[in-house]
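Asker: Quick one: structure below, then a few questions.
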Amino acid sequence: MQKPTVAEKRNYRVTDVQTAKEIALNWLVEIQLENVVDFGLPEIDDRYHVWRVPLLTHVAKSRIGEVVIDARTTLVQLDKTTEPELLENRILGRDNVHRRQKRKTQSIPKRRIAASAMRNTIAQGDSEEILQMLPTESIDLVFTSPPYYNARPEYADYITYEEYLLKLRKIIQLTHHVLAEGRFFVINVAPVLVRRTSRNEASRRIAVPFDIHRLFIEEGFDFIDDIIWLKPEGAGWATGRGRRFAADRNPLQYKAVPVTEYVLVYRKHTDRLIDWNIRNHPDQRLVSESRVEDGYERTNVWDIKPSHDKRHPAVFPVELAKKVIQYYSFKNDVVMDPFAGIGTVGSACTQLGRRFVLIEQDEKYIQVIRQEAKIWLGKNAKNVYTLNCESIDVSDTLF
């Protein structure tokens with residue numbers, strides 16, 4: 001019996017040389033070099049969970065670079081793959097010229113920021129698939145709260161915690177592609193309690209925020225802030241933590257009642273300072289109009305009451321969304337939520353003069369968002385772009 005390969009043992013989606021070549025060829029087609037570049041023998045690098053596909057000149061068969069493919073998601077890692085411009089220079093024998101030019105200019109090249117052409121969008125489907133349809137750098141801010149890992153029966157969508165993290169990694173990686181340079185990804189997340197299945201087992205508390213932090217760093221984001229969302233005292237008693245200690249007061253049984261969640265702030269990696277995004281904004285009037293007024297949060301502890309909505313088991317407060325959107329975007333920016341739920345981010349965006357892109361897989365929540373959009377936008381809801389779901393009909397609504 002043939003032994004499983006390393007790729008098969010690790011459950012990679014890219015498991016063989018031929019698949020790696022096909023992915024690399026698709027990338028070459030995108031940059032229009034498929035007819036002048038050949039492949040060497042692809043190799044798997046399981047230390048970094050990638051395939052490395054050597055690129056050779058078509059005639060001399062000399063190595064000119066490589067395509068690096070994420071073995072778990074099948075995506076080309078553009079930050080680790082040889083740049084198309086450098087490939088062209090090497091094919092044409094201009095490699096030394098390219099190197100001299102890079103040495104001459106140590107400063108970051110000038111670049112104009114173009115306003116995103118995205119309009120308000122509601123998309124039904126898996127974020128992993130929808131994100132691949134969005135234009136590069138078309139999103140100005142991401143704010144989301146991903147589904148809990150099996151914390152409640154309605155969220156038991158993942159067989160293992162590793163599978164859950166892999167799904168989030170794919171979303172983070174794809175978001176990196178659609179997020180504009182130097183802009184922010186803010187995520188609301190908290191540890192989860194996996195309840196015991198019998199009296200002979202202990203419950204487990206999983207430190208989800210710390211694992212997610214590692215994913216962001218590995219996928220090309222810089223850590224900016226850890227904001228603590230503080231809920232009123234007593235909000236965490238529903239978890240059951242602390243009740244045994246409150247009754248017995250025995251040492252070792254102490255467990256703190258959770259009344260906080262994390263709002264983690266990351267910035268898409270760039271060598272440019274944040275001031276660059278401000279100074280080069282295409283509409284300085286919007287920059288001025290977006291200035292934050294007095295009364296803003298001065299510390300990283302935000303005291304906000306939780307929200308409840310019978311239409312969804314885990315909504316976050318619109319107040320939280322509004323603070324994040326005000327602090328990390330300009331007016332008319334495009335704000336995306338890849339796990340939109342019933343559309344809290346869309347409501348906050350509309351109130352603050354931003355555009356929204358809401359992605360949600362569950363059809364019943366999509367229907368809620370479509371109805372809510374009529375309240376947010378009035379008759380302008382008819383202009384919302386809908387993907388994989390019906391357009392919004394405002395003819396039966398009184399305004």
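The values are calculated or read from the model by the stated rules, or taken from the named source; none is laboratory data. This structure is a prediction, so every number in the text was calculated from the model and none was measured. Reconstructed Cβ throughout: ideal geometry from the backbone, glycine too, with neighbour counts over all protein chains shown. Heavy atoms of the whole protein, side chains included, go into the accessibility calculation; ligands, DNA and RNA do not. Shrake-Rupley method; radii C 1.70, N 1.55, O 1.52, S 1.80 Å.
Asker: Would you be able to tell me the number of residues in the range 51-62 that are over 17 Å from residue 25 (Cβ atoms) and in contact with a Lys or Arg (Cβ under 9 Å, 6 or more places away or on another chain)?
Answerer: Residues meeting the conditions: 1.
Asker: Evaluate the following for residue 274: is it open to solvent by 70 Å² or more (accessible area, probe 1.4 Å) and not hydroxyl-bearing (Ser, Thr, Tyr)?
Answerer: Numbers: open to solvent by 70 Å² or more (accessible area, probe 1.4 Å): yes; not hydroxyl-bearing (Ser, Thr, Tyr): yes.
Yes, satisfied.
Every residue, every condition in (1) in contact with a Ser or Thr (Cβ under 7 Å, 6 or more places away or on another chain); (2) among the aromatic types (Phe, Trp, Tyr), yes or no:
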{"position": "317", "(1), (2)": "yes, no"}
{"position": "324", "(1), (2)": "no, no"}
{"position": "330", "(1), (2)": "yes, yes"}
{"position": "338", "(1), (2)": "yes, no"}
{"position": "343", "(1), (2)": "no, no"}
{"position": "351", "(1), (2)": "no, no"}
{"position": "357", "(1), (2)": "yes, no"}
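Asker: A further question follows. Under 6 Å between Cβ atoms, which residue pairs at least 6 apart in sequence (or on different chains) link something in the range 364-380 that is touching a residue at least 60 places away in the same chain (Cβ under 8 Å) with a partner that is assigned to a helix (DSSP H, G or I)?
Answerer: These pairs meet every condition: 373/381.
Asker: Condition test on residue 244, is it among the charged types (D, E, K, R), part of a helix (DSSP H, G or I), at pLDDT below 95 and over 24 Å from the mean Cα position of the chain (by Cα)? Can you show your working first?
Answerer: Working: among the charged types (D, E, K, R): yes; part of a helix (DSSP H, G or I): yes; at pLDDT below 95: yes; over 24 Å from the mean Cα position of the chain (by Cα): yes.
Here the answer is yes, as residue 244 does meet what is asked.
Asker: Of the conditions (1) open to solvent by 90 Å² or more (accessible area, probe 1.4 Å); (2) modelled with pLDDT of 90 or more; (3) under 28 Å from the mean Cα position of the chain (by Cα), residue 67 fails just one. Which one is it?
Answerer: For residue 67, the failing item is (1).
Asker: Give the number of residues within the range 351-399 that are over 16 Å from residue 126 (Cα atoms), among the hydroxyl-bearing types (Ser, Thr, Tyr) and surrounded by 14 or more Cβ atoms within 10 Å (Cβ to Cβ).
Answerer: Number of matching residues: 1.
Asker: Looking only at the range 73-89, filter to residues that are part of a helix (DSSP H, G or I) and open to solvent by less than 40 Å² (accessible area, probe 1.4 Å); which one of those is modelled with the lowest pLDDT?
Answerer: 89
Asker: Within the range 117-131, can you find the residues that are open to solvent by 20 Å² or more (accessible area, probe 1.4 Å) and either closer than 25 Å to residue 282 by Cα or in a strand (DSSP E or B) (or both)?
Answerer: Correct list: 117, 118, 119, 120, 124.
Asker: Checking the conditions here, which among 3, 9 is exposed (fewer than 13 other Cβ atoms within 10 Å of the Cβ), charged (D, E, K, R) and more than 18 Å from residue 70 (Cα to Cα)? Talk me through it step by step, then tell me what you get.
Answerer: On the way: 9 fails: more than 18 Å from residue 70 (Cα to Cα).
Residue meeting the stated conditions: 3.
For (1) modelled with pLDDT of 95 or more; (2) within 21 Å of the chain's Cα centre (by Cα), each residue gets a yes or a no:
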residue: 255; (1), (2): no, no
residue: 260; (1), (2): no, no
residue: 288; (1), (2): yes, no
residue: 314; (1), (2): no, yes
residue: 317; (1), (2): no, yes
residue: 338; (1), (2): yes, yes
residue: 342; (1), (2): no, yes
residue: 351; (1), (2): yes, no
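Asker: Sticking with this one: I'd like the full set of residues that are more than 27 Å from residue 167 (Cα to Cα) and of a type in the set (D, E, K, R), limited to the range 22-38.
Answerer: 34, 38
Asker: What about residue 19, is it at pLDDT 90 or above, closer than 27 Å to residue 162 by Cα and open to solvent by less than 70 Å² (accessible area, probe 1.4 Å)? Don't jump to the end; show me each part of the working.
Answerer: Working: at pLDDT 90 or above: yes; closer than 27 Å to residue 162 by Cα: yes; open to solvent by less than 70 Å² (accessible area, probe 1.4 Å): yes.
Considered against the rule, which asks whether it is at pLDDT 90 or above, closer than 27 Å to residue 162 by Cα and open to solvent by less than 70 Å² (accessible area, probe 1.4 Å), residue 19 comes out as yes.
Asker: Out of the range 90-128, which residues are touching an Asp or Glu at 6+ places or on another chain (Cβ under 9 Å), modelled with pLDDT under 85 and not hydrophobic (A, V, I, L, M, F, W, C)?
Answerer: Listed by number, the residues that qualify are 94, 98, 111.
Asker: Now for a separate question. When the residues of the range 291-335 are filtered to those that are hydroxyl-bearing (Ser, Thr, Tyr) and closer than 18 Å to residue 143 by Cα, which remaining residue is surrounded by the most Cβ atoms within 10 Å (Cβ to Cβ)? Break it down into steps so the answer makes sense when it comes.
Answerer: Keep residues of the range 291-335 that are hydroxyl-bearing (Ser, Thr, Tyr), which gives 296, 299, 307, 327-329.
In the following step, the residues that additionally are closer than 18 Å to residue 143 by Cα were identified as 307, 327-329.
Details: 307: 15, 327: 16, 328: 21, 329: 23.
That would be 329.
Asker: Another one. If I ask for residues that are hydroxyl-bearing (Ser, Thr, Tyr), in a loop (DSSP other than H, G, I, E, B) and under 30 Å from the mean Cα position of the chain (by Cα), which ones from the range 1-57 would you list? Don't jump to the end; show me each part of the working.
Answerer: Of the residues in the range 1-57, the ones hydroxyl-bearing (Ser, Thr, Tyr) are 5, 12, 15, 19, 48, 57.
Keeping just the survivors that are in a loop (DSSP other than H, G, I, E, B) gives 5, 12, 15, 48.
Selection gives 12, 15, 48.
Asker: So which pairs qualify, if the first residue must be in the range 316-342 and in contact (Cβ under 8 Å) with a residue 12 or more places away in the chain, the second must be acidic (Asp, Glu) and open to solvent by 40 Å² or more (accessible area, probe 1.4 Å), the Cβ gap must be under 6 Å, and the two must be at least 6 apart or on different chains?
Answerer: Matching pairs, first to second residue: 331/289.
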